[in-house]
There are 2 protein chains.
Amino acid sequence: VKVLVTGASGFIGREVTKRLCERRFEVHAVARKSLTIADEIWHELDLFDSGAVDNLMRQIKPTHLVHLAWTTEPGQFWNSPENHDWERASKHLFDSFTAHGGKRFVGAGTCAEYEWNEKLCRESDADSVPSTVYGQSKLSTWKYVDSRSQETGAISAWGRIFWLYGPHEHPSRLVPHVIKSILAGRHVDCTSGEQLRDFMHVSDVAESFVRLTDSQVTGPINIASGNAVAVREVVLQIASQMSGEQLVRLGALPTKASEPHVVAADVQRLTSLLSFRPSVSLSDGLNSTISWIKSVSAAAASK
Amino acid sequence: VKVLVTGASGFIGREVTKRLCERRFEVHAVARKSLTIADEIWHELDLFDSGAVDNLMRQIKPTHLVHLAWTTEPGQFWNSPENHDWERASKHLFDSFTAHGGKRFVGAGTCAEYEWNEKLCRESDADSVPSTVYGQSKLSTWKYVDSRSQETGAISAWGRIFWLYGPHEHPSRLVPHVIKSILAGRHVDCTSGEQLRDFMHVSDVAESFVRLTDSQVTGPINIASGNAVAVREVVLQIASQMSGEQLVRLGALPTKASEPHVVAADVQRLTSLLSFRPSVSLSDGLNSTISWIKSVSAAAASK
């Protein structure tokens with residue numbers, strides 16, 4: 001098994017890379033900038049450069065491809081035109097992979113591919129119309145991969161990620177933002193946070209992708225915990241664990257009218273096909289994320 | 001502290017009675033039929049007999065009242081006219097309690113007091129119109145208690161219970177029904193089970209009521225986990241723990257059109273006012289419930 005991981009330096013990618021190395025796979029890590037995680041082999045690469053992608057595929061000839069790279073600029077990515085560039089680059093990446101003998105493809109999809117209508121998001125609902133450019137581009141990438149897989153004999157799966165958190169998340173995103181604000185003694189202005197979302201710790205997300213890669217499961221599969229919690233509950237659990245309740249201002253920011261009340265996942269495919277259940281509870285996961293951010297902040301302060 | 005518990009032989013009541021005894025309260029247990037739980041004192045009583053209620057209050061003069069009794073006949077109680085009888089009996093019980101010097105009242109409310117409209121159920125939403133007779137009767141009981149408390153100086157709280165499960169649940173309800181069917185090797189016909197509900201183990205429900213009783217918190221308070229899970233996930237977790245997946249037929253029964261997609265609780269009052277978070281995870285709680293039902297079935301079989 002020779003597996004190539006894109007977005008290997010990212011939030012999920014570095015954890016996937018580490019776990020694939022632990023399984024004794026030959027891991028080739030691709031990102032624009034390299035770092036060292038375990039015993040993976042690094043290749044600095046711009047995925048928008050199709051010639052460079054073809055060269056790398058010809059050189060490595062990976063049997064497995066885990067494609068995690070995409071634009072993720074907080075706040076921007078939902079409707080950024082860059083999504084179309086990533087769609088194009090992802091399609092080319094897949095074609096180049098199979099053209100050089102690749103067989104097992106696993107890509108990162110998103111819950112934004114579903115229509116958010118208060119119902120459970122189920123992989124078998126084929127008619128959903130995503131409301132964001134991000135969701136549309138991911139779904140159209142998957143549809144392309146799915147139909148090309150049938151022509152080329154590739155065995156392809158698509159892990160649809162819901163909400164996640166943990167070490168190395170972008171600091172402006174919800175969980176790190178709340179933790180860092182409370183650490184600094186600053187007020188945290190939030191919406192009322194009554195919307196229900198499915199949160200999963202990044203290590204469980206990564207483990208799901210690793211099991212998926214090491215399986216023959218095909219099709220879309222939700223990567224989620226099966227528990228929906230109010231976003232306010234996440235914020236208040238953090239505040240409570242840090243004794244910073246008085247800094248949290250729920251309702252200080254208006255809730256967008258377009259914000260759905262509920263985005264919840266059906267997890268039966270994940271549970272039954274991969275025998276996977278999350279191992280990190282929300283409370284433990286937030287606790288260790290707080291510890292991690294504290295240790296990183298302390299290290300930065302002591303420099 | 002002298003506490004009187006109604007419905008003390010019930011699903012929640014027996015666990016509340018046990019825990020109140022553990023706190024070294026003088027516990028007077030009331031039900032139509034007595035049993036022995038810990039060192040509580042039993043009084044067989046029909047709560048519809050207002051003269052008998054007055055006699056008991058005069059005799060005991062409880063300082064605290066935990067009122068859990070109500071009609072709970074599975075399938076029937078939602079719209080049964082008996083709800084009106086229980087509303088009347090509950091109002092009289094409260095008045096008799098305060099007339100004999102009682103100060104601290106805690107009653108069992110229900111999530112059915114809220115309008116089920118996909119939003120988080122919040123205690124501060126005062127305008128909800130319950131859609132069932134059960135919800136209407138419970139809400140109108142609470143409104144009566146609340147206004148009479150202001151006149152009499154009683155300190156009253158109202159624990160609104162969501163979904164729960166655990167030992168001693170009525171065998172025809174979801175969790176025991178699924179467990180017993182799989183134990184017997186029978187098929188389990190279910191709806192598709194995509195609706196999200198907040199499930200809490202009965203021991204956590206009981207502990208919340210005990211803490212509420214032993215506090216000065218007033219007003220309605222949701223008794224729930226803060227996690228909403230799909231009902232199918234509950235069924236499939238049971239099946240998976242019992243290796244009975246092949247017996248479960250999700251979608252064999254039609255989902256009622258009136259069934260709301262989501263009933264989820266805001267748990268901030270429970271969390272902040274009582275510093276309570278549930279201690280039993282869904283997976284552990286189902287596991288121990290399976291063990292309990294197995295042990296009871298084995299005991300019955302060996303008789």
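Values as computed for the structure displayed
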quantity	calculated
Shielding by other protein chains, B:261-269, mean Cβ within 10 Å	5
Per-selection Kirkwood Rh - chain B (Cα, Å, 1 d.p.)	20.0
Loop trypsin sites (Lys or Arg not before Pro), the range A:227-297 (other Cβ atoms within 10 Å of the site Cβ: 15 or fewer; DSSP)	A:Lys256
Length gained when the stretch A:Asp46-A:Arg249 is fully extended (0.36 nm per residue, less Cα-Cα span)	68.9 nm
Teacher prompt: B:His84 distances to equivalent labels in other copies, 7 Å Cα→Cβ, nm	6.5
Residue order, fewest to most surrounding Cβ atoms within 10 angstrom, among A:Thr98, A:Thr213	A:Thr98, A:Thr213
Among A:Ser96, A:Ser288, A:Ser272, residue whose mean-square fluctuation peaks in a GNM of chain A (springs only between Cα atoms under 10 Å)	A:Ser272
Copy-to-copy label separations for A:Ala184, where each label sits 7 Å from Cα toward Cβ, in nm and ascending	6.3
Convex hull of Cα atoms in the protein assembly as shown, direction-averaged projection (nm²)	30.5
Taking A:Ser225, A:Ser240 and counting other C-beta atoms within 10 Å, the order from fewest to most	A:Ser240, A:Ser225
Antiparallel %, DSSP beta bridges [both residues in chain A], to 5	10
Proximal lysines to A:Lys256, defined as alpha-carbon separation beneath 26 angstrom and excluding residues fewer than eight positions away on the same chain	A:Lys119, A:Lys138, A:Lys180, B:Lys119
Across the identical copies, how the B:Gly101 labels are spaced - nm, sorted shortest first, 7 Å along Cα→Cβ	9.1
Summed side-chain charge close to A:Ala230 - residues other than A:Ala230 whose Cβ falls under 12 Å, Lys, Arg +1, Asp, Glu -1	-1
Radius, Kirkwood style, for the range B:37-112 when every pair of distinct Cα atoms is counted (Å)	13.6
Residue-averaged beta-carbon neighbours from other chains (10 angstrom radius) around B:227-234	6
Footprinting exposure proxy for A:Asp146, B:Asp266 (fewest neighbouring C-beta atoms within 10 Å first)	A:Asp146, B:Asp266
Inter-part distance where the range B:244-282 and the range B:8-30 are each reduced to a Cα centre, Å	26
Cα convex hull of the range A:204-299 - mean projected area over all directions, nm²	8.7
Diffusion constant of the range A:1-58 at 20 °C, which comes from Stokes-Einstein with the Kirkwood Cα-pair radius and 1.002 mPa s, µm²/s	189
Placed amide H near B:Ile41: partners under 5 Å, 5+ positions off or other chain	B:Val27, B:His28, B:Ala29
Inter-centroid distance (Cα atoms) of the range A:34-49 relative to the range B:132-208, Å	53
FRET efficiency, 1/(1 + (r/R0)^6) with R0 30 Å, evaluated for A:Lys91 and A:Glu22 via beta carbons	0.45
Value at 222 nm in deg cm²/dmol, rounded to 500, when DSSP H runs of n ≥ 4 in chain A each add -39,500 (n - 2.57)	-12500 deg cm²/dmol
Label-to-label distance, nm, for residues given as B:Lys256 and B:Trp292 (7 Å Cα→Cβ offset)	2.5
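Every read-out reported here was derived from the displayed coordinates using simple, explicitly stated rules and does not represent laboratory data. On a predicted model such as this, the values are computed, not experimentally measured, just so you know. Here Cβ is always computed from backbone atoms with ideal geometry, including for glycine, and neighbour counts include all displayed protein chains.
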